[in-house]
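So the structure is just underneath, and the comments pick up after that.
The values are calculated or read from the model by the stated rules, or taken from the named source; none is laboratory data. Because the structure is a prediction, the values reported are computed rather than measured. When we count neighbours, we look across all protein chains shown, and the Cβ atoms used for this are built from the backbone with ideal geometry, even at glycine.
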Amino acid sequence: MPKNTPQRRIDSRRQNRATTISGVTLSAPAGVTDHGLLLGLGDDDHSQYLLANGTRTLAGNLAVASGITIDGIDLSAHAADPAAHHALATAGNSGISVAGQAISLAAAAAGAGLAYAAGVLSINVAGLGMSVAADAVTLSSSSNPG
C-alpha cells in the first residue's frame, strides 16, 4: 500500500457473512453439518483402538481403573473377591468338600465297603474270595455251583 492510503482494519464482525477487503472475499468455510456426508468414517486408520463391534482382538493386557465396569462387571472387585458377581459353590451332601474355589471328593463319599485316601476310592476286601488289583475286582467262589 502506498503511504497515503489509509489502512483497512476489521476490529470485529457484526454479522455472519462474507467480507471483502481489497477485492479478496473472506468467508467461513462451509463445513459439513450432516455427519452422513463425512468421508472416510469407515476407514480403519487407528488400529490401536478396540472396535465397538468386537471384531478387533485385544492383544495384551488392558489396565482398568478401580470402579470401571465392562459388560456390567467391576473387574477390580471381581479379582479381589471371587464371589463378587456369583454365589459360592456349595456341597450338595457330605460326600463333596468345598474350600474357597476348590471342590473335591470328601472322605464321607466312600461309604460302606469303600475307603478314600488322597483322592482315591478303593474297595475294602472283607474276606476270602474277593480281591482288588489295578482296575479289576475279582470274586472267587469256593464252591462250584454248576
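Quick one: count up the residues across region 77-92 that are without any contact (Cβ under 8 Å) to a residue 12 or more places away in the chain and assigned to a loop (DSSP other than H, G, I, E, B).
8
If you take the residues of region 77-106 that are β-branched (Val, Ile, Thr) and touching a Leu at 6+ places or on another chain (Cβ under 9 Å), which of them is nearest to SER66 (Cα to Cα)?
Within region 77-106, the match that is nearest to SER66 (Cα to Cα) is VAL98.
Taking the stated definitions as given, is GLY92 modelled with pLDDT of 75 or more and not basic (Lys, Arg)?
Criteria met by GLY92.
Can you tell me which residues in region 108-124 are in contact with a Gly (Cβ under 6 Å, 6 or more places away or on another chain) and under 16 Å from ALA136 (Cα atoms)?
If the condition is that a residue be in contact with a Gly (Cβ under 6 Å, 6 or more places away or on another chain) and under 16 Å from ALA136 (Cα atoms), then ASN124 is the only one that fits.
Can you spot a residue in region 30-46 that is at pLDDT below 80, in a loop (DSSP other than H, G, I, E, B), surrounded by 10 or more Cβ atoms within 10 Å (Cβ to Cβ) and of a type in the set (Gly, Ala, Ser)?
Checking region 30-46: not a single residue is at pLDDT below 80, in a loop (DSSP other than H, G, I, E, B), surrounded by 10 or more Cβ atoms within 10 Å (Cβ to Cβ) and of a type in the set (Gly, Ala, Ser).
Restricting to region 74-86, name every residue that is loosely packed, with under 11 Cβ neighbours inside 10 Å and either modelled with pLDDT of 75 or more or in contact with a Gly (Cβ under 9 Å, 6 or more places away or on another chain) (or both).
Within region 74-86, ALA79, ALA80, ASP81 qualify.
For region 100-144, which fully contained strands (runs of 3 or more DSSP E) count at least 3 residues that are closer than 30 Å to HIS86 by Cβ and either modelled with pLDDT under 75 or not hydroxyl-bearing (Ser, Thr, Tyr) (or both)?
By residue number, 102-105.
Quick one: what pairs do we get from region 57-74, first residue in a strand (DSSP E or B), second among the β-branched types (Val, Ile, Thr), C-beta under 8 Å, 6+ apart or different chains?
ILE70/VAL64; ASP74/ILE68
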